[in-house]
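Everything on this sheet refers to the single structure shown next.
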């Protein structure tokens, strides 16, 4: 038993220092492409750290969103940046070193070291045991409509946060759409292997997404993880050159984008009128309400993430078509 | 139990490392990466400290972090679009202050 604990401690130490080292290499590396690859690796190691911290829900979200979709977004932005910037084209390292004045760099470093010391002292002076809100969550879990505490917090106890989060997603896609206008429709590489892989993967991804959505009621999973996997399936399809459907103009896409926030707002209004309190579900119907909200939220999250990825590309394609 | 504090300290380290890179590195893509690392540091700190309520782990910080991850990716997408728009008008994808210090 003791030997197992020792191995686990050694693993934790290794993981923690790897995370820090990777972040260091990623942020102070002259080659942007290398930084992005290191960022994806960093996200995957973070997912392992979440598992070690007994947070499997966060691990799922980190692996699909933090490492997967953010990585895809960064890669796509880097590819577009390379068409704009001649210095990136030849593949030479971008920036030899930070271009700040030497004294300014040392001031920044000193400030950072002091801040680290202060924060570390604050963290270490916290009591080693604190119940937090776990007792409150556990005592109310039976009336939440689900048996998985994380889903209960996200969709019931703190439903207001999730409502605002859906609004943030909607706002971000609106701002990306209004700023879009890159004259570069990313070139599409197709190959027989990619085609077969996508034919196999797409149905599996949709199935996994639906499974995560359903299982979220009583085990790790839920709307965010399911939505991001749905979004990832869409990104795969777009990357392989499948003409999905016109992402920007189609009213169907717009409907899918607002379905989640709209359902949240409608339910919030309904509960405000009936129960006198925002998003306070009647206990008997809580499970159904949560499932309905989660399903619509999954569709909206998946569509939003896909639309964020496609973002400016559709604009360029449309312009090309109108010229022809 | 002490491992939780180790992860919390790694979170603090990631946050300040990201802050340093955010201040020091001139390229906007590196600044966006730095912001993401800072976010990861805060998430790690939150969840690690939420684990102090043994034997039952406090799930409220976990739910907050899941929300935070989704908000972070949408903010990143918006920042990347802003960066691309900026680098169309002035090549180099840097802020004007950094470009003048450069010459």
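Read the figures in this text as sums done on the coordinates, not as results from a lab. None of these values were measured; they are calculated from a predicted model. No Cβ is skipped: glycine too gets one built from the backbone with ideal geometry, and neighbour counts run over all protein chains shown.
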What do you get when you divide the Cα radius of gyration of the stretch B:2-95 by 2.2 N^0.38 Å, with N the number of residues? 1.30
Nearest 500 deg cm²/dmol is fine: what mean residue ellipticity at 222 nm does the protein assembly as shown get from its DSSP H runs of n ≥ 4 alone, each adding -39,500 (n - 2.57), divided by its residue count? -24500 deg cm²/dmol
Taking chain A as a Gaussian network, where each spring joins two C-alpha atoms under 10 Å apart, which residue of A:14, A:256, A:26 fluctuates the most? A:14
State, as an integer percentage, the relative contact order of the stretch B:2-95 based on alpha-carbon contacts under 8 Å between residues 6 or more apart. 31
For chain B, take the longest principal axis of its alpha carbons; what is the angle in degrees between that and the long axis of helix B:60-89, to the nearest 10 within 0 to 90? 10
Answer rounded, prolate or oblate for the protein assembly as shown, using the Cα gyration tensor with square roots of eigenvalues a ≥ b ≥ c: rounded when a/c is under 1.5, else prolate when a/b is larger than b/c, else oblate. oblate
Counting alpha carbon pairs within less than 8 Å and at least 6 residues apart, what relative contact order, in whole percent, applies to chain A? 20
Label-point gap, in nm, between residue A:277 and residue A:103 - each point 7 angstrom along Cα→Cβ: 6.0
Relative to the longest principal axis of the C-alpha atoms of chain B, give the angle of the C-alpha long axis of helix B:2-24, reported between 0 and 90° and rounded to the nearest 10°. 10
